[in-house]
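*Asks:* The following block contains the structure, expressed as structure tokens.
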Amino acid sequence: MSRGQLHHILTNPIYAGRIRHKRQVFDGQHPAIIDPEKWDRVQQQLSCKSAKERNTKQHRDPSPLAGKIMDEAGQKLTPSHTKKGDRRYRYYISQKLVTGVCRGDEKQRTWRIPAAQLEDPIGGAVQRHIRDLRVRGSDQIITSGEDMVIDHNSALQTIECVAIKPGKLTIQLDPSRVQACLKYKTPAASGALQLILPFTERRRGVEMKLIIEGDATIDERLLRNIANANHWYKRIKQGATFDQISNETGTSKRRIQQMIHLAFLAPDIVRQITQGKQPMGLTSDWLLLHSMPADWDAQRKRIANL
């Protein structure tokens, strides 16, 4: 029997021995089918089991740019996420990927960008921009002696909207929030409320990687493996064996044999890696499974589509 049915039986004067109305008790025509005290106990138990706000990962890990990013057609990118095991991966995606419907040009491109690839460089750029504004306008600042750098989350909160189109992010800042961060006596100039971040993009299937100009992500693990491979090769030229190198470095012989080919990467490929501009799929894990040819041109062709 549902809660509504119980309530109907209890409050219907035909069945109930008494009913409650405006804090008064009235006698019914027949003995109550459900004792009022029992009804009250049931209601209390149901209330205890009612839905409560969940402290889920989604609540603890929000998307600070939600509702603020628009594509070249004026449509907002939607926060989304996927889970692999215990890890949760956040994205900003085009509405077409959610609804399957695209307003206007059906050939309009779609976006599916890892959240950190937008939030980290955008937040960092806004932090630096506001710091520079505070330094330049220090004579207008009311309170002196304060830290000239705002934190990453506060920087993202100053953003009014972000327009994304191929090759460029245009960030518009909220005047009142910027002024609060600057603590100016007068509002910041309108020209100081907009930032433009050029970027390049790389795709691997549906996955996308944005390379923000001046904010490349360096693969420290890959660089470390290349440095190790060059050290191992130097020891081999000095006459050391794989077993000796393994004992010296605490690295397994098999691992050394698998990664030694990194010492023969083309100089321009190594340069790309040091700048964070290597192909998206060129990782230590990929190189562990795929030996690179000795010929540099062959190397370039092999990694071109990663």
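*Asks:* Can you compute the FRET efficiency between residue 294 and residue 220 using 1/(1 + (r/R0)^6), with r the Cβ-Cβ distance and R0 = 25 Å? Round to the nearest 0.05. List each step's numbers first, then the result.
*Replies:* On the way: r = 26 Å, r/R0 = 1.04.
Efficiency, rounded to the nearest 0.05: 0.45.
*Asks:* Structure shown: which of 83/209; 76/209; 96/209; 183/277; 68/96 lie over 28 Å apart, alpha-carbon to alpha-carbon?
*Replies:* Flagged as over cut-off: 183/277.
*Asks:* Find, among the trypsin sites (Lys or Arg not before Pro) in the range 239-306, those assigned to loop by DSSP (not H, G, I, E, B) with at most 14 other beta-carbon atoms within 10 angstrom. List each step's numbers first, then the result.
*Replies:* Working: sites: 253, 254, 255, 271, 277, 300, 301, 302; in loops: 277.
For trypsin sites (Lys or Arg not before Pro) across the range 239-306 that sit outside H, G, I, E and B with at most 14 neighbouring Cβ atoms in 10 Å, the list reads 277.
*Asks:* Subtracting the Cα-Cα distance from 0.36 nm times the residue separation, let me have the gained length for residue 304 to residue 81 in nm, one decimal.
*Replies:* Taking residue 304 through residue 81 to full extension adds about 77.4 nm, to one decimal.
*Asks:* How many angstrom lie between the C-alpha centres of the range 66-98 and the range 164-185?
*Replies:* When both Cα centres are located, 22 Å separates them.
*Asks:* Between residue 271 and residue 252, what is 0.36 nm times their sequence separation minus the Cα-Cα distance? Round to one decimal in nm. Mind showing how you got there, number by number?
*Replies:* Values: separation 19, 0.36 × 19 = 6.84 nm, distance 2.76 nm.
So the extension gain works out to 4.1 nm.
*Asks:* What is the spin-label model distance, in nm, from residue 157 to residue 112 if the labels are put 7 Å beyond Cα along the C-beta direction?
*Replies:* It is 3.4 nm.
Read-outs throughout are calculated quantities, based only on the coordinates presented, and are distinct from any laboratory measurement. Owing to the predicted nature of the structure, the values given are computational and were not obtained by experimental measurement. Cβ coordinates were reconstructed from backbone atoms using ideal geometry, including for glycine residues, and neighbour counts include every protein chain displayed.
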